[in-house]
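FYI, it's all coordinate maths here, none of it is from the lab. Everything numeric in this text was worked out from a predicted model, so none of it was measured. In this analysis, Cβ positions are derived from the backbone assuming ideal geometry, glycine residues included, and neighbour counts consider all displayed protein chains.
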Amino acid sequence: MEFAWQTGSVAAFSGDAVVAFAFSDGALDGALRDLDSACGGALGRVFGTKAFKGEFGDIFVAPLRGGEQLGILVGLGPRAEAGPFQLRRAALQGVRKAQSMGSAQVAIAVAEHAPSGAMAAAEAALIGGAAGAYRFRRYKSGAVETGVERLTVITSAAVDAPAQSRAAAIAEGVAIARELVDTPPNDKTPDLLAKTVAEIAQRSGLACEVITADRLREMGAGGILAVGRGSAHPPAMVVLRHDGGEGPWHGFLGKGITFDSGGLDLKTQDGMFTMKSDMAGTAAVVGAMHALGRIGVKGRYIGVLALAENMTGTGAYRPSDVLRMLSGDTVEVSNTDAEGRLVLADGLALLRREGVQDVIDLATLTGAIVVALGTHRSGLFANDDEHSAAVLAAADLAGERYWRMPIDPEHKEALKSSIADTKSTGGRAGGSSTAAAFLARFAADTPWAHLDIAGAAYRDQPGDAGPGATGVGVETLVRFATKG
């Protein structure tokens, strides 16, 4: 998809559809007045009626210029509540509606919709609109349906080049993450995914190193090797580097279980069907690192992808096995379906060896976080308040929602083993916190934040960003790196 930026009136746009926004406590002014004029006053007649009140998610479609264009009005709700999250979702809904009606050239007008600043609104509109145009059609046979080919953001004042570059790079990064997650597991085994990531890295200007299973064995990475033992496709770690100048390295880490059967503690069929999404943490890191490379962010960032397939072959690891991890710690396996924390533990040990200043890991780690927070908010766990605050500030700019969760002494106590340094699980109670407590052991004294995105990363029902992958986490990582 091509991105463009335009200043001035929506009347100057000659494409197929214009998406604009209205507040429930606002009026038809500025861009909306121009749009209303182009559709013969239809917006003015409908605004405030049952057909369109401007509530969040309301949509009204009217023909423009005698039917040559579409005008799509999307509600934002009260002005005071219309932050980045609402604007992204509204832009997504509007562009998706335009695409469903056959529009290939779509504009989003955001001139009067900047409670958080005109530049931030323009970026949010493009990122949200691009998400609305995303479609995964690689495996569809027959004629290709019309999709959005060019997305233009219309503003009252020019958007500076850095903001344009950042918004486009984030939009691309989110699309990359979603496509990686949506790819079926037979086409993204650890070796195939590592190859795909290497190709993306080359396009993005990133250094890429693939650590094979043989090397992992030499290194003593017993967690990821155990998880991958039951599969015909050996595990790997991929290391991406963006070196944007002097200063300390910052670490991103992604869980990359390319398919999760549960291992010998087998999942149900319903629980297994969506497990191609169990590498959404890795996908988010890849998308974010791509964006950092495209933007040319100052600073040094290293992304580690811990890739394995958790299967039930004759070499599969067992409940009650004791593993020696890359850190040297021993772990008593209490459930083979708690595999993500094992590959992440080795990833954390690798990043600590690299001497990173801080780490953010992303993982579809626990069902418990979905029970606690639902599917529109993710859990954040951390061992450092300042680092946690920086991640939450970045998430706020990104319009992504996280909630800080506790790691209490009792959660650590639940992981005690009588025969090893720690157990891998601590029982059902507080499952997301005991999982985070396990990871905290391997982060040690490195400032660390863990984002459990199990609920938000994938939708198995139609909705704002579904069905399929959402790309959650990409923009939070980028905003963390760009600090804006």
Query raised in the report: What is the distance in Å between the Cα centres of the range 327-365 and the range 409-472?
Result: 11 Å
Query raised in the report: Which order, highest average first, do 255-262, 412-419 follow once you tally other Cβ atoms within 10 Å for each residue and take the mean per peptide?
Result: 255-262, 412-419
Requested in this report: With label points built 7 Å along Cα→Cβ from the Cα atoms of I419 and V322, find their separation and express it in nm.
Outcome: 0.7 nm
Query raised in the report: Share of Cα-Cα pairs in the range 59-112 beyond 19 Å, in percent?
Result: 28 percent
Query raised in the report: Which FRET efficiency value, to the nearest 0.05, is calculated for D384 and N335 with the Förster distance at 30 angstrom and r the Cβ-Cβ distance?
Result: 0.60
Query - Descending Cα extents along the principal axes, the chain, whole Å - result: 77, 48, 42
Report summary line: In nm², the average projected area of the convex hull spanned by the Cα atoms of the range 2-158 is 8.9 nm²
Query raised in the report: Once Rh for the range 392-484 is found with the Kirkwood sum over Cα pairs, what is the Stokes-Einstein diffusion coefficient at 37 °C and 0.692 mPa s, in µm²/s?
Result: 215 µm²/s
Report summary line: For the range 469-474, Karplus-derived ³J(HN,Hα) couplings (6.51, -1.76, 1.60; θ = phi - 60°; whole Hz; x for glycine and proline) come out as 6, 9, x, 4, x, 4
**Report entry** Packing rank of 239-252, 290-303, 313-326, 122-135, where each peptide gets the mean count of other beta carbons within 10 Å, highest leading
**Finding:** 122-135, 290-303, 239-252, 313-326
Report task. List, in the order given, every pair from K255/K412; K255/K416; K140/K195; K188/K298; K195/K423; K140/K276 whose Cα-Cα distance in the structure shown is over 28 Å. Result -> K188/K298; K195/K423
**Report entry** For the range 273-303 versus the range 1-45, the gap between their alpha-carbon centres in whole angstrom
**Finding:** 35 Å
**Report entry** Relative contact order, percent, the range 323-419 [alpha-carbon distance under 8 Å, six or more residues apart]
**Finding:** 21 percent
**Report entry** lysines with Cα under 30 Å of K53, excluding same-chain neighbours fewer than 8 positions away
**Finding:** K97
**Report entry** Rounded to 5, the percent of DSSP beta bridges in the chain classed as antiparallel
**Finding:** 40 percent
